[in-house]
Amino acid sequence: TASKTGVLTVQAPDGRQLWCLFESGKPMQARMGKYAGPAAIVEFVSTFEEGNFNFQEKSGGGKETMTKLPKLDENFNIAKSLERLLMDGALAQDNFNAAKKIIPTLNMLIRPVAPVEFAARWQQLGQIEEPPVPDEFNVMSDIVQRADGNTTLHNIFRGMEGIPTHLMWRSAALLIQHGLVQTKIAA
């Protein structure tokens, strides 16, 4: 709610860092590892539990200040309001937390059920009360393609570069919850 201009950084204990540029209180650009723009803010809200916040305020205002701010290329731009970003982040966090209750550990091996059974259950997913959105179906497909029964869910997630954490977890939880994959805790 403050109309400040500057750069916010938040450093998590595990080394992840959010970088966000504000102009007159509005987020303009954001970066967090491989995430850019709105995705960086959603990833931050849904996965950070603690961190060290540092805001470097730029004083003065006007064009002189804007040229001194560290701008990234347009891929990092944010067009959504802060309120919308926080709502998106809250939904992502809810999905992430719900998925953690279904997935006890990432140290589990997964493989799809038999093809005929899989096809029938996949079709049924579209009929549930809150069916997966297209992004979730895409990530679920990607997980199934990687699920060979010998690779842990942790390693499958590591191979899915750039997919938001909450989306990977929700998609895997849907697969497990609706019996599309078999699971076994890795030895």
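The values are calculated or read from the model by the stated rules, or taken from the named source; none is laboratory data. Quick caveat: nothing in here was measured; it's all calculated off a predicted structure. Virtual Cβ from ideal backbone geometry, glycine too; neighbours counted across all protein chains shown. Side chains are part of the model used for accessible areas, which takes the heavy atoms of the whole protein and leaves out ligands, DNA and RNA. Shrake-Rupley method; radii C 1.70, N 1.55, O 1.52, S 1.80 Å.
Could you grab me the full set of residues in the range 107-161 that are open to solvent by 30 Å² or more (accessible area, probe 1.4 Å), within 21 Å of the chain's Cα centre (by Cα) and more than 17 Å from Gly179 (Cα to Cα)?
Asn107, Val133, Pro134, Asp135, Asn138, His154, Asn155, Arg158, Gly159, Glu161
Which members of the range 67-106 meet the condition of being of a type in the set (Val, Ile, Thr), under 19 Å from Glu136 (Cβ atoms) and surrounded by fewer than 15 Cβ atoms within 10 Å (Cβ to Cβ)? Spell out the reasoning first.
Taking the range 67-106 as the starting set, the residues that turn out to be of a type in the set (Val, Ile, Thr) are 67, 78, 102-103, 105.
When the remaining residues are screened for being under 19 Å from Glu136 (Cβ atoms), the result is 102-103.
Ile102 - this is the single residue of the range 67-106 that is of a type in the set (Val, Ile, Thr), under 19 Å from Glu136 (Cβ atoms) and surrounded by fewer than 15 Cβ atoms within 10 Å (Cβ to Cβ).
So which of Gln56, Gln124 is of a type outside the set (Asp, Glu), closer than 23 Å to Leu175 by Cβ and in contact (Cβ under 8 Å) with a residue 24 or more places away in the chain? Outline the logic, then answer.
Values: Gln56 fails: closer than 23 Å to Leu175 by Cβ.
Among Gln56, Gln124, only Gln124 is of a type outside the set (Asp, Glu), closer than 23 Å to Leu175 by Cβ and in contact (Cβ under 8 Å) with a residue 24 or more places away in the chain.
Against the conditions (1) open to solvent by less than 60 Å² (accessible area, probe 1.4 Å); (2) under 25 Å from Asn95 (Cα atoms), where does Leu21 fall short? Just the number, please.
With respect to (1) open to solvent by less than 60 Å² (accessible area, probe 1.4 Å); (2) under 25 Å from Asn95 (Cα atoms), Leu21 is out only on (2).
Could you tell me whether the range 168-180 includes any residue that is within 17 Å of the chain's Cα centre (by Cα), under 22 Å from Ala30 (Cβ atoms) and open to solvent by less than 40 Å² (accessible area, probe 1.4 Å)?
The answer is yes; a qualifying residue exists.
Out of Glu49, Glu57, report the one residue that is modelled with pLDDT under 90 and within 17 Å of the chain's Cα centre (by Cα).
Details: Glu57 fails: within 17 Å of the chain's Cα centre (by Cα).
Glu49 is the lone residue from the list that is modelled with pLDDT under 90 and within 17 Å of the chain's Cα centre (by Cα).
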